[in-house]
Amino acid sequence: MRVIRDAAELRAVSQAWHAAGERIALVPTMGYLHEGHLALVARARELAPRVIATIFVNPTQFAPHEDLGRYPRDEAGDIAKLEAAGCDVLFAPSVEVMYPAGFATRIAMSGPAEGLEGTHRPQMFAGVALVCTRLFGMSGADVAVFGEKDWQQVMVVRRVVEDLALPITIETVPTIRAADGLALSSRNAYLDPEARVKAAAMHAALSYAAERLRAGATAAEACGEAEERLREAGFRQVDYVALRSERGFEEMEKLSEPGRVLGAAWLRQVRLIDNVTKSG
Ligand code: PAF
């Protein structure tokens, strides 16, 4: 696997592949890779003969008080995992490569960026939209693969691709979970052993809400009860448990069309997010 840090070198590699008639799949990540990321690489390999993974802890999607400085990193370990997974190129640029002096473009998002994560992390989706647009342009990829764990992010990226007429398609891979249901996430590294045990309650609570909705409960009832379960399990603050439509990411009072239950809550200083579709 070739490790590239320079945008011009990445462009040259991607142009050569396209000239040879080879499609390119992109897997954008912030590193500290786990099985969830490797499932994205595996899907990328099914979609295209050439796979580029990216590792960039994107400062524009973090607020000043968030965990940018302590976000877990292990580039050597990530390179070994990507090599074993059959990735062709790792693009691991510096902040200066992604946002060079004079960089002045911002993307203001509404629609699926509003509410839920957009309320609790107001800077996040403008930053995600910006970095993804830039990574799509730099890589020239034909398809990009994202995890369903960050479902609202998937909705936002799809919206950006459509609105800006970007020549790329977006594919998703279902969330990979630990045996107790906890969605794999690089931020799980922040959980101490006791919090790690309690963290399983997130998936259980969202699955419970999904079952209640399927049985006819309203979103207010099902999500309210799931929030209560999270508090009983030791989550100190529940940011939201909410039902949104699968297709348009719209609020629904009942499960009147395919939907997802999304949640975000704090276990001590660690914020967990997850979502389930059907009964989880
Ligand atoms: O999901 C992530 O890891 C990040 O938000 C992404 C898509 C790599 C953009 O920085």
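The values are calculated or read from the model by the stated rules, or taken from the named source; none is laboratory data. The structure displayed is predicted, hence computed values, not measured ones. Here Cβ is always computed from backbone atoms with ideal geometry, including for glycine, and neighbour counts include all displayed protein chains.
Table for the structure above
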| item | result |
| --- | --- |
| Residues (closer than 17 Å to residue 222 by Cα and aliphatic (A, V, I, L, M)) located in region 232-280 | 233, 238, 241, 242, 243, 252, 255, 261, 262, 264, 265, 276 |
| Leading residue by the ranking (farthest from the ligand (Cβ to nearest atom)) among those in region 139-173 that are closer than 20 Å to residue 43 by Cβ and acidic (Asp, Glu) | 142 |
| Within region 94-113, tally of residues that are under 20 Å from residue 3 (Cα atoms) and either of a type in the set (Gly, Ala, Ser) or touching a strand residue (DSSP E or B) at 6+ places or on another chain (Cβ under 8 Å) (or both) | 1 |
| Residue selected from region 117-137 under the condition of a type outside the set (Gly, Ala, Ser) and more than 13 Å from the ligand (Cβ to nearest atom), by the criterion nearest to residue 93 (Cα to Cα) | 122 |
| Per-region count, region 62-103, residues within 19 Å of residue 190 (Cα to Cα), of a type outside the set (A, V, I, L, M) and within 14 Å of the ligand (Cβ to nearest atom) | 7 |
| Some residue of region 162-176 being closer than 26 Å to residue 3 by Cα, of a type in the set (Asp, Glu) and at pLDDT 95 or above | yes |
| Qualifying residue in region 113-120 (condition: within 18 Å of residue 30 (Cα to Cα), surrounded by 19 or more Cβ atoms within 10 Å (Cβ to Cβ) and among the small types (Gly, Ala, Ser)) | no |
| Near pairs, Cβ below 9 angstrom, 6+ apart or cross-chain, from region 222-247 (over 16 Å from residue 212 (Cβ atoms)) to any residue that is outside any loop (DSSP other than H, G, I, E, B) and among the hydroxyl-bearing types (Ser, Thr, Tyr) | 239/119; 240/119; 246/277 |
| Contacts under 9 angstrom Cβ, first residue in region 86-115 being on the phi < 0 side of the Ramachandran plot, partner part of a loop (DSSP other than H, G, I, E, B) and basic (Lys, Arg), 6 or more apart | 91/5; 92/5; 93/5; 94/5; 97/5 |
| Cross-chain or 6+ apart pairs with Cβ under 7 Å, region 34-50 first and among the β-branched types (Val, Ile, Thr), then assigned to a loop (DSSP other than H, G, I, E, B) | 41/87 |
| Near pairs, Cβ below 6 angstrom, 6+ apart or cross-chain, from region 144-168 (basic (Lys, Arg)) to any residue that is modelled with pLDDT of 95 or more and not in a helix (DSSP H, G or I) | 149/175; 149/183; 158/170 |
| From 213, 230, 206, 243, residue being within 20 Å of the chain's Cα centre (by Cα) and either part of a helix (DSSP H, G or I) or hydroxyl-bearing (Ser, Thr, Tyr) (or both) | 206 |
| Residues satisfying the stated conditions in region 174-195, i.e. over 16 Å from residue 149 (Cα atoms), surrounded by fewer than 18 Cβ atoms within 10 Å (Cβ to Cβ) and within 16 Å of the ligand (Cβ to nearest atom) | 189 |
